[in-house]
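Dropping the structure in here first, questions after.
The values are calculated or read from the model by the stated rules, or taken from the named source; none is laboratory data. Because the structure is a prediction, the values reported are computed rather than measured. Here the Cβ positions follow ideal geometry from the backbone for every residue, glycine too, while neighbour counts run over all protein chains shown.
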Amino acid sequence: MCGIIGFFHQKEAFSRMQKGLEIMHDRGKDGSGYYDGKVQYADSPAKLLLSIAENIIGHNLHAIVHTVPQPLASQRAALVSNCEIYNWKELAKEHKIRAKNDSELLFKLLKTLGMKKTLPLLRGVYAFAYWNENTVFLARDILGVKPLWYNIEGKKLSFSSEKKALGDAEELNPRQILEYSVKTGNIRFIERTFFSLGKKIQGDVLAQLEKNIIEAVRIRIPERKFGLLFSGGLDSVLLAKILKDLKQDFTCYIAATSKNSPDLIAAEEAAKVLGLPLQPIIVSEEETKEYLKILVPLIEDSNVIKVGVALPLYIASTIAKKERNKVIFSGSGADEVFGGYNRYKMGEISRLNQDCYSDLLKIYEKNCYRDDVITMHNNLELRVPFLDKELVAFALAIPPELKIKNGEEKYILRQVALHLGIPEKISARKKKAAQYGSGFDQALEKLAKKEKKSKSKYLEQFYPKRNVRLGALISGGKDSLYAAYTMQKQNYAITCAISIKSANPHSYMFHTPNIHLVDLQAEAMGIPLIVAETKGEKEKELKDLEKALKEAKEKYHIEGIVSGALYSNYQRERLEKAAEKIGLKVFSPLWHIDQEQEVRQLIREGFEIVLSSVAAEGLDKSWLGRVLTEKDVDRLVALQKKVGLNVAGEGGEYESLVLSCPLFKKIIVIEESEILIENQNIAKLVVKKAKIL
């Protein structure tokens, strides 16, 4: 746990570095330092000697293993790192390197082996900047547990552990290494390999998994006092049992809004049965509001779900800090690795590992930064065994039917718990999201109602900035616009629209009916539109998508894209692949939601939708061109039961066109159209003329 920062080709480099280190002072209070060609150290950022250099890197130290000041430097090379390399002693022995801690080992490995050979050797989490003569490398662990943000402006490069220390910045994609030339200011991104799918496990899967989990926990145990974030659920109970079996002295921490909160009841029961020391804290509604004033600006995000999960984590961490812990364990990541979310059961179980893989690609944006800044603020090093690199690689090879069996999620993880002696009543507890189990979502609801606001609007007062700048992939249909609206409601900025016009009416990737009306939809939203054309050739059309995404990132500085994908793995996987290359985050808020409820909610939210094509038994030309109603949804549900029709049209049964929705400042009016009929059940609406009012 440390803070790193750097500025290149900037006259105010020292003052910006010093201010940034002060902003991130909670990340390390054991000393500060900088390197500008030579090293300077001090007790705190304020005591650092002035530097007039235009290129500088800085560091705040939080020592866990020996106090080794940073930056580390020798022979025109320097390193600032925020790392926990759990196999550093083994690597030091193997490569005959003398090192006092993991950071020193990392520095010497980089100098000896270089980036390409060093990173695959590391078992742990890290974010670092390695300045070797005239080249600077920025890198982080492959899942993004440790944060790293950067900003590029002409020849200028800035980077930091926290966004707030830079102002305007974007998060480095963990699957990329940023390489920067100090001489020219040129930047390139080096692609890294993520986990692979399709491997098969030989032998006893359960026994091997148990061994892997125990090892992932064991290597993370510190030599000093530590705690465990505890909810009474499977993941935290399993960690607690392993730690107890390893004869460790630790305390379990939990925060809730009431003695009757489901998580607190479960935690107290588990602690009693397993003989665990438990430290609970009950927080009132008014106290919750006071915590929000600190928490929401801290995580730089007003997303309701993120804040709801963050509250019990933050409050429990404050108690752990008071009890002088320096490390805290968390069960985060188990749901993504072992199939713990209910939505996994909505898809094809045979593709469960693909779904897990997809969620692991996004976990750095969804969970990791939030959890890191919360624990750092409380001077705690967060350790997450379920995101251990070796454990994740093994888990992605576990047969899907062992992850979800007879409707029971995380089945094999529950079997490990039983084998370790955790009673079935505890190990079989169904997942309850932290914000609900702790009662904090209900507290947010009450606080928002007092001000007659939605939860999102209520949280905006604590962090008025928009969360992440997004480009919305717009096809003209209901799903893409509803996905964009869903993200906007969560305080994300929809910065531009992106549309792909395919010459192939049977495109594998893109919606084609009345795609020309996307221009009017973007105008109605009041945002710019980027349009890319493609011939619609399978796989090749992905290159055209990449070009459009790259243009959107360069032109409008988007940090991610939002997609209306519901169930199409083909589309989702290829979209993620294209976004990864460009370093964009992917948001699919509708993925695996109940399709009937989605269509009903659209109508209730004020979406005016017409069907632009039909191609299924039970549908005909009478469905085209008129605004969809709830009674129409009733008819679609009846057809689903009768002929298996997909209520949301995900199987190509129909295509839709949005004329009005809450995103629009104006409405679209169709002035001239024609219905083309192929047969009784196949027809399409061709809009020849339309305008906005």
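Being over 20 Å from Gly232 (Cβ atoms) and within 26 Å of the chain's Cα centre (by Cα) narrows it down to one of Ile305, Ile254, so name that one.
Residue meeting the stated conditions: Ile305.
Every residue in the stretch 368-396 that is over 25 Å from Lys29 (Cα atoms) and buried (at least 17 other Cβ atoms within 10 Å of the Cβ), please.
Across the stretch 368-396, the qualifying residues are Pro385, Phe386, Leu387, Asp388, Lys389, Leu391, Val392, Phe394, Ala395, Leu396.
Next up: Please tell me if Gln521 is among the polar types (S, T, N, Q), modelled with pLDDT under 85 and either surrounded by fewer than 20 Cβ atoms within 10 Å (Cβ to Cβ) or out of contact with any strand residue (DSSP E or B) (no Cβ under 6 Å at 6 or more places or on another chain) (or both).
No; evaluated as a whole, the condition is false for this residue.
Still on this model: Test Asp479 against the stated conditions and say whether it is in contact with a Ser or Thr (Cβ under 9 Å, 6 or more places away or on another chain), in a helix (DSSP H, G or I) and not hydrophobic (A, V, I, L, M, F, W, C).
Yes; evaluated as a whole, the condition is true for this residue.
Within the stretch 655-667, is there a residue that is in a helix (DSSP H, G or I), touching a Leu at 6+ places or on another chain (Cβ under 9 Å) and not hydroxyl-bearing (Ser, Thr, Tyr)?
No, because not a single residue in the stretch 655-667 is in a helix (DSSP H, G or I), touching a Leu at 6+ places or on another chain (Cβ under 9 Å) and not hydroxyl-bearing (Ser, Thr, Tyr).
Determine which single condition Leu391 fails, assuming it passes every other condition in (1) in contact with a Leu (Cβ under 9 Å, 6 or more places away or on another chain); (2) closer than 24 Å to Asn467 by Cβ.
Looking at each condition in turn, Leu391 falls short on (2).
Is at least one residue of the stretch 227-236 assigned to a strand (DSSP E or B) and free of Cβ contacts under 8 Å to residues at least 40 places away in the same chain?
Checked against the condition, which is being assigned to a strand (DSSP E or B) and free of Cβ contacts under 8 Å to residues at least 40 places away in the same chain, the stretch 227-236 yields no hits at all.
Select from the stretch 322-349 the residues that are part of a helix (DSSP H, G or I) and at pLDDT 95 or above and write down the one among them that is farthest from Asp359 (Cα to Cα).
The extreme case among them is Lys322.
Condition test on Leu243, is it buried (at least 16 other Cβ atoms within 10 Å of the Cβ) and under 24 Å from the mean Cα position of the chain (by Cα)?
no
Looking only at the stretch 428-463, how many residues end up being on the phi > 0 side of the Ramachandran plot and in contact (Cβ under 8 Å) with a residue 40 or more places away in the chain?
So the answer is 1.
Okay, moving on. Name every residue in the stretch 4-17 that is modelled with pLDDT under 95 and either under 23 Å from Asp371 (Cα atoms) or outside any loop (DSSP other than H, G, I, E, B) (or both), in order of residue number.
Within the stretch 4-17, none qualify.
I'd like the full set of residues that are in a helix (DSSP H, G or I) and surrounded by fewer than 16 Cβ atoms within 10 Å (Cβ to Cβ), limited to the stretch 612-634.
Matches in the stretch 612-634: Ser622, Glu630, Lys631, Asp634.
For every residue, the table says whether it meets (1) surrounded by fewer than 18 Cβ atoms within 10 Å (Cβ to Cβ); (2) touching a residue at least 60 places away in the same chain (Cβ under 8 Å); (3) touching a Lys or Arg at 6+ places or on another chain (Cβ under 8 Å); (4) basic (Lys, Arg).
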site	(1), (2), (3), (4)
Lys289	yes, yes, no, yes
Ile299	no, yes, yes, no
Val304	no, yes, yes, no
Pro312	no, yes, no, no
Ile319	no, yes, no, no
Arg324	yes, yes, yes, yes
Ile328	no, yes, yes, no
Glu336	no, no, no, no
Leu360	no, yes, no, no
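Check off (1) under 17 Å from Phe8 (Cβ atoms); (2) of a type in the set (A, V, I, L, M, F, W, C); (3) touching a helix residue (DSSP H, G or I) at 6+ places or on another chain (Cβ under 8 Å) for Trp131 and give me the number that stays unchecked.
Going through (1) under 17 Å from Phe8 (Cβ atoms); (2) of a type in the set (A, V, I, L, M, F, W, C); (3) touching a helix residue (DSSP H, G or I) at 6+ places or on another chain (Cβ under 8 Å) one by one, Trp131 breaks only (3).
Return yes when Leu313 is assigned by TED's automatic domain parsing to the domain that holds Tyr369, assigned to a helix (DSSP H, G or I), over 30 Å from Gly421 (Cβ atoms) and within 23 Å of the chain's Cα centre (by Cα) and no when it is not.
No; evaluated as a whole, the condition is false for this residue.
Only strands (runs of 3 or more DSSP E) wholly contained in the stretch 18-74 count here; list those with 1 or more residues that are closer than 21 Å to Leu298 by Cα and touching a Ser or Thr at 6+ places or on another chain (Cβ under 8 Å).
56-60
Is there a residue being assigned to a loop (DSSP other than H, G, I, E, B) and more than 18 Å from Ser231 (Cα to Cα) anywhere in the stretch 440-448?
The answer is no, given that none of the residues of the stretch 440-448 is assigned to a loop (DSSP other than H, G, I, E, B) and more than 18 Å from Ser231 (Cα to Cα).
So is Glu286 part of a helix (DSSP H, G or I), in the same structural domain as Ile374 (by TED's automatic domain parsing), touching a Cys at 6+ places or on another chain (Cβ under 7 Å) and not aromatic (Phe, Trp, Tyr) or not?
So Glu286 fails the test.
Being assigned to a helix (DSSP H, G or I), surrounded by fewer than 20 Cβ atoms within 10 Å (Cβ to Cβ) and either in contact with a strand residue (DSSP E or B) (Cβ under 9 Å, 6 or more places away or on another chain) or modelled with pLDDT of 95 or more (or both), is that true of even one residue in the stretch 495-507?
So far as the stretch 495-507 goes, no, none of its residues is assigned to a helix (DSSP H, G or I), surrounded by fewer than 20 Cβ atoms within 10 Å (Cβ to Cβ) and either in contact with a strand residue (DSSP E or B) (Cβ under 9 Å, 6 or more places away or on another chain) or modelled with pLDDT of 95 or more (or both).
Follow-up. Just to be sure I understand the filter: pairs with C-beta atoms under 6 Å, separated by 6 or more residues or on different chains, first member in the stretch 195-223 and closer than 23 Å to Leu238 by Cα, second member among the aromatic types (Phe, Trp, Tyr) and modelled with pLDDT of 95 or more. Which pairs pass?
Cβ pairs passing all conditions: Asn212/Phe394; Ile219/Tyr86.
Here's another thing I want to ask about it. Within the stretch 292-324, track down each residue that is under 14 Å from Ala256 (Cα atoms) and among the hydroxyl-bearing types (Ser, Thr, Tyr).
Residues satisfying the conditions are Tyr314, Ser317, Thr318.
Still on this model: So which residues in the stretch 541-595 are surrounded by fewer than 18 Cβ atoms within 10 Å (Cβ to Cβ), part of a loop (DSSP other than H, G, I, E, B) and touching a strand residue (DSSP E or B) at 6+ places or on another chain (Cβ under 8 Å), if there are any at all?
Answer for the stretch 541-595, where residues must be surrounded by fewer than 18 Cβ atoms within 10 Å (Cβ to Cβ), part of a loop (DSSP other than H, G, I, E, B) and touching a strand residue (DSSP E or B) at 6+ places or on another chain (Cβ under 8 Å): just His557.
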